Amino acid sequence: MLSMLLCCHAARARTCWSAALRLHMMWWIGGLVTCVTAAGECSDSCISQSEIPRLETPTFLQSVSDRHVLGHDNCTASQMLIEARPFSLVSEDLVRCGANEGGLPVNAAFHNSYIQNLKQIFPDVHVLWDTPSASDAAQWKEPIAVVEEGLFRLVENSTHWFNIATMEIPALIRFVLAPLKAANRLNPRIVLPWEGNSDGGNLGVLRDVFSSTQLSFVGGLPSCSHWSSCTNATKVQLQNVDVGTLLFIPEVYPIGHPRAPCAKLDIASVRDWFLEKRPTTASSNGQLLAEVAQLPEGPNQVTLIDRESHPVTFYPPELSLGEVGAAIVDQTTAVHGGSTQRNGAQGSGEDKQEGPYVYERPFVTIPNMDEVAAHLERWSTAHGMTFRRVMFETMPFAEQLATVQSTRVLVGMEGAGLANMVFLEVPAKSAVVELNAANGKVESWQEFPSIANYLGVPLWMHVFRCDFVNPNVGVDTSALNATMDEVWRHFHL
């Protein structure tokens with residue numbers, strides 16, 4: 001049971017198996033989900049594993065994987081997984097995205113039934129398979145309720161920053177806010193389902209992200225936790241709820257999903273919304289095309305995303321990894337900003353042990369984080385660059401955005417903070433160094449390499465230990481120095 005819970009933690013699970021129990025498990029394979037039992041039976045509601053495209057594993061990663069399986073102590077390795085290229089949105093991307101209209105056949109019966117139920121309760125329901133036009137948005141009645149059917153959107157009744165950054169924000173911009181803006185509706189009233197409480201739970205950060213929007217959270221609205229897993233509302237529940245138009249956005253992929261058909265369009269929409277002076281043009285059919293021009297050299301900062309220096313109090317270092325996992329499952333899956341030791345970390349709330357963003361940090365530690373930060377600061381100075389160590393979850397969104405826009409090299413452990421790479425000023429002239437373990441998501445088709453691939457930012461996968469949750473093995477700074485030197489050489493090719 002413990003192995004199942006650990007692997008499915010935050011719906012971003014690594015491959016796991018529990019042969020002792022005939023329990024349904026979620027097996028996260030390259031961003032797609034296969035539901036299996038211990039007997040290996042495939043659920044009818046899931047996508048077959050055979051449908052998942054597998055890319056060839058780089059030799060160095062295969063070597064790392066073999067060392068981990070064989071129980072070696074040293075799994076250190078590094079390689080550039082994603083190469084640089086200018087980020088552009090071309091007609092082929094629009095065609096690929098448009099082909100997704102109508103969704104996956106496996107979910108068709110659910111959608112037909114669910115949408116019919118929505119229309120019986122709400123007078124004005126719009127199903128948004130494709131990006132709405134300005135004329136569409138001009139007809140929506142306020143307040144506008146938004147129900148998003150995101151892939152593993154909720155886990156334990158809450159939304160983690162990774163899902164907010166890669167699904168909630170892109171979907172709200174592309175399907176709702178950008179069309180409303182195009183219709184000259186600049187301060188719309190938007191209502192979303194409650195998540196935990198009237199403040200929206202973790203989703204409450206969307207008020208900070210979209211500070212110019214009248215965004216509120218309402219109890220009783222329909223909501224979805226995953227594909228084909230949605231609740232409806234009753235007229236009794238909605239007696240005191242004011243809804244003009246309800247927008248249902250089906251089958252939303254996170255932008256880090258290797259088969260997300262609209263990932264590049266979502267990234268372009270996010271960058272166009274948040275980054276100033278982003279050159280955009282329109283295709284012949286009026287849909288957004290965005291291409292980053294060759295901007296002059298600007299960002300010159302190495303930014304280190306801080307991580308716990310020591311395990312948080314509920315699992316001290318003397319515990320076994322199994323006991324660590326039990327503590328995670330039994331007590332918490334996320335902390336709000338908390339870092340027990342972050343000397344020099346910058347962020348609005350670093351002294352308060354709290355923050356508005358949930359980055360799910362406590363179970364993955366880098367015990368020598370101070371040493372890593374000091375080393376990167378020396379490296380940055382030696383190469384004429386500035387350095388900043390940050391705790392994103394303690395910072396208002398505007399400060400997170402400004403920090404990443406000033407960044408040329410973003411360094412961080414596999415985790416939600418790396419999703420902020422979409423805000424890099426010039427992706428092709430920047431770099432991401434992802435710190436990871438041999439049994440982490442280290443292949444090019446997995447979460448953060450996948451985002452980097454869509455974005456066109458070069459990404460180095462720096463494997464520094466064998467076990468992802470091992471709190472006792474830190475980063476070898478000499479090996480990290482070699483990776484940073486590779487990044488530097490790449491900048492000067």
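Is it true that residue 431 is more than 24 Å from residue 164 (Cβ to Cβ), modelled with pLDDT under 95 and open to solvent by less than 10 Å² (accessible area, probe 1.4 Å)? Considered against the rule, which asks whether it is more than 24 Å from residue 164 (Cβ to Cβ), modelled with pLDDT under 95 and open to solvent by less than 10 Å² (accessible area, probe 1.4 Å), residue 431 comes out as no.
Tell me, yes or no, whether region 388-397 has at least one residue that is open to solvent by 30 Å² or more (accessible area, probe 1.4 Å) and outside any strand (DSSP E or B). Yes, region 388-397 contains at least one residue that is open to solvent by 30 Å² or more (accessible area, probe 1.4 Å) and outside any strand (DSSP E or B).
Here residue 356 clears all of (1) at pLDDT below 80; (2) under 20 Å from residue 471 (Cβ atoms); (3) part of a loop (DSSP other than H, G, I, E, B) except the condition numbered (2).
Taking the criterion of being in a helix (DSSP H, G or I) and open to solvent by 10 Å² or more (accessible area, probe 1.4 Å), the residues of region 121-139 that qualify are 121, 134, 135, 136, 138.
Would it be correct to say that residue 162 is among the aromatic types (Phe, Trp, Tyr), part of a helix (DSSP H, G or I), within 25 Å of residue 264 (Cα to Cα) and touching a helix residue (DSSP H, G or I) at 6+ places or on another chain (Cβ under 7 Å)?
Yes; evaluated as a whole, the condition is true for this residue.
Could you give me the residue pairs with C-beta distances under 7 Å whose first residue belongs to region 454-474 and is more than 30 Å from residue 89 (Cβ to Cβ) and among the aliphatic types (A, V, I, L, M), whose second residue is open to solvent by 10 Å² or more (accessible area, probe 1.4 Å) and part of a strand (DSSP E or B) wherever it lies, and which are 6+ apart or on separate chains? So the pair list comes out as 463/77; 463/78.
Looking only at residues of region 398-412 that are hydrophobic (A, V, I, L, M, F, W, C) and over 18 Å from residue 486 (Cα atoms), we find that the one that is surrounded by the most Cβ atoms within 10 Å (Cβ to Cβ) is 404. Considering region 370-397, the residues that are modelled with pLDDT of 95 or more and of a type in the set (S, T, N, Q) include one that is nearest to residue 481 (Cα to Cα), namely 380. Among the residues of region 63-101 satisfying the criterion of being small (Gly, Ala, Ser) and at pLDDT below 70, which is farthest from residue 423 (Cα to Cα)? Of everything passing the filter in region 63-101, 71 is farthest from residue 423 (Cα to Cα).
Restricting to region 426-457, and then to whatever is among the acidic types (Asp, Glu) and out of contact with any Gly (no Cβ under 6 Å at 6 or more places or on another chain), can you tell me which residue is nearest to residue 483 (Cα to Cα)?
434
The one condition from (1) in contact with a helix residue (DSSP H, G or I) (Cβ under 9 Å, 6 or more places away or on another chain); (2) open to solvent by 10 Å² or more (accessible area, probe 1.4 Å); (3) touching a residue at least 40 places away in the same chain (Cβ under 8 Å) that residue 222 does not meet is (2). Residues of region 96-107 that are of a type outside the set (S, T, N, Q), over 18 Å from residue 247 (Cα atoms) and open to solvent by less than 50 Å² (accessible area, probe 1.4 Å): 97, 98, 104. Considering only residues that are small (Gly, Ala, Ser), open to solvent by less than 40 Å² (accessible area, probe 1.4 Å) and more than 14 Å from residue 79 (Cβ to Cβ), which ones fall in region 470-482? The answer is 474, and nothing else.
Which one of 467, 485 is among the acidic types (Asp, Glu), farther than 25 Å from residue 160 by Cα and either open to solvent by 10 Å² or more (accessible area, probe 1.4 Å) or in contact with a Pro (Cβ under 7 Å, 6 or more places away or on another chain) (or both)?
The conditions single out 485.
On inspection, residue 459 does not qualify as within 15 Å of residue 303 (Cα to Cα), modelled with pLDDT under 95, touching a helix residue (DSSP H, G or I) at 6+ places or on another chain (Cβ under 6 Å) and hydrophobic (A, V, I, L, M, F, W, C).
Residues that are at pLDDT 55 or above and among the polar types (S, T, N, Q) within region 295-312 comprise 300, 301, 303, listed in sequence order. The residue that is modelled with the highest pLDDT, among those in region 140-194 that are open to solvent by 10 Å² or more (accessible area, probe 1.4 Å), touching a Gly at 6+ places or on another chain (Cβ under 6 Å) and not acidic (Asp, Glu), is 141. On the stretch given as region 233-264, residues that are part of a loop (DSSP other than H, G, I, E, B), over 15 Å from residue 145 (Cα atoms) and open to solvent by less than 30 Å² (accessible area, probe 1.4 Å) total 8.
The values are calculated or read from the model by the stated rules, or taken from the named source; none is laboratory data. Keep in mind that this is a model prediction, so the values were computed, not measured. All Cβ positions, glycine included, derive from the backbone under ideal geometry; neighbour counts span all protein chains shown. Side chains included, ligands, DNA and RNA excluded: accessible areas come from the protein's heavy atoms. Shrake-Rupley method; radii C 1.70, N 1.55, O 1.52, S 1.80 Å.
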